[in-house]
Amino acid sequence: MEAIIAVVGFLGAGKTTLLKQLVTSYLDEDWNPFVILNDYENANLDVQQFLEKMEAKWVRALSGSCICCSGIQELREFVNSIPERKHGVTLIEANGTSDSCSLMGFLGVGLNDRFLPPIQVSVVDVKNWQQRGEHNELEANQVQVSSLIVLTHLENVSADRQTFVITDLQRLNPLAEIITADEVDVSLLPKLLPSKNNAQKLDHLKAHWASYSTDLPNLPDLACIYHLCERLPESILRVKGCTQIGNEERFTYFERTPDGELYIRPYNGVPVTGPKLLTVGPGSDLSVLQHAIEGSLIEAELRAQ
């Protein structure tokens, strides 16, 4: 029977990084993973990150809906249509605002008999755990029915902070195993059992945020990325973008995490959606995104004079 592993966690916790680690490890062990990525806007941007290791037919993006509610039927139907294969495992990355308890309650209903009951793995950013202000309840919800909790962003975090976070996680989910990303053993994941922890119900509206995406023109230089992100309000918790810089033929990918950190790296291939800027969080609006883009381009012109 094929295992289904749903990876959940707050925006920027490191879900995609863990997923890439899992895919690499499974392939090295002669497994055949199938990856499903969910996001409010343009999940296809993340698909490209997996194509160095996998054929495109084994990666699927589900955009524009939340798989913990409105998108659950689409997700369930797609899982049921995944081809049978030897040593198969299905990996699902939920968007960072998913109501993870609802996801597990709905996903396990109506799957084909060839699948094991889905299990959930939570990714927890130790540095920023429960420092999300009004979004703390949502982040706490995302660990309560997980069989395994994986700790990330441990660099430059004190031992006292790590102990505090682990103690808090054990309070919320005393049945989960808690490990670091380096300790993940992919051969053991399919053998995990669904969590039997009693979870506190979340007001589902707290898991639904504004999101928006728009076309992103070529940017004259890397400084434009910094100025663009600085112009977006802090209420927008996740920023992703992909475009070309100057006369470069390759594409550049960037993301701003909820704690304000900005990461820039080369993009694998050409985005099927074209160059895009997308945001998740209160304040995500076309006029806001356009204002940030236009402002960064004006600053570039001034620098060039």
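Residue selection: Ile236 fails the criterion of being at pLDDT 95 or above and open to solvent by less than 10 Å² (accessible area, probe 1.4 Å).
Checked against the criterion of being open to solvent by 40 Å² or more (accessible area, probe 1.4 Å), in contact (Cβ under 8 Å) with a residue 40 or more places away in the chain and among the charged types (D, E, K, R), the stretch 262-280 contains not a single residue that satisfies it. Scan the stretch 129-144 for residues that are part of a loop (DSSP other than H, G, I, E, B) and either in contact with a Gly (Cβ under 8 Å, 6 or more places away or on another chain) or open to solvent by 50 Å² or more (accessible area, probe 1.4 Å) (or both) and the total you get is 3. Residues in the stretch 83-94: is at least one open to solvent by 10 Å² or more (accessible area, probe 1.4 Å), assigned to a loop (DSSP other than H, G, I, E, B), modelled with pLDDT of 90 or more and under 22 Å from Leu148 (Cβ atoms)? Scanning the stretch 83-94 turns up at least one residue that is open to solvent by 10 Å² or more (accessible area, probe 1.4 Å), assigned to a loop (DSSP other than H, G, I, E, B), modelled with pLDDT of 90 or more and under 22 Å from Leu148 (Cβ atoms). Scanning the stretch 249-305 for residues that are more than 18 Å from Ser211 (Cβ to Cβ) and among the aliphatic types (A, V, I, L, M) turns up Leu262, Ile264, Val270, Val272, Leu297, Ile298, Ala300, Leu302, Ala304.
Working carefully through the options Leu51, Leu27, Leu45, find the one that is hydrophobic (A, V, I, L, M, F, W, C) and crowded, with 19+ Cβ neighbours inside 10 Å. Criteria check complete, one pass: Leu45.
Considering the stretch 109-128, and only residues there that are β-branched (Val, Ile, Thr) and within 22 Å of the chain's Cα centre (by Cα), the residue that is surrounded by the most Cβ atoms within 10 Å (Cβ to Cβ) turns out to be Val123.
Restricting attention to the stretch 154-177, the residues that are open to solvent by 40 Å² or more (accessible area, probe 1.4 Å), on the phi < 0 side of the Ramachandran plot and not small (Gly, Ala, Ser) total 14. Of the residues making up the stretch 174-203, those that are part of a helix (DSSP H, G or I) and either under 21 Å from Leu154 (Cα atoms) or under 20 Å from the mean Cα position of the chain (by Cα) (or both) are Ala181, Asp182, Glu183, Leu189. Any residue that is under 14 Å from Met104 (Cα atoms), of a type outside the set (Val, Ile, Thr) and in contact (Cβ under 8 Å) with a residue 60 or more places away in the chain - is there at least one of those in the stretch 124-135? No - not one qualifying residue is present in the stretch 124-135. Considering the stretch 194-233, and only residues there that are at pLDDT 90 or above and aliphatic (A, V, I, L, M), the residue that is most open to solvent (accessible area, probe 1.4 Å) turns out to be Leu222. Pairs linking a residue in the stretch 239-253 that is outside any strand (DSSP E or B) to a residue that is at pLDDT 90 or above and open to solvent by less than 10 Å² (accessible area, probe 1.4 Å), with Cβ atoms under 9 Å and 6 or more positions apart or on different chains, are Gln244/Leu219; Gln244/Thr252; Gly246/Leu219.
The values are calculated or read from the model by the stated rules, or taken from the named source; none is laboratory data. Not measured: the values here are computed from a predicted model. We place every Cβ from the backbone using ideal geometry, glycine too, and count neighbours over all the protein chains shown. Just so you know, the surface numbers come from the protein's heavy atoms only, side chains and all, with ligands and any DNA or RNA stripped out. Shrake-Rupley method; radii C 1.70, N 1.55, O 1.52, S 1.80 Å.
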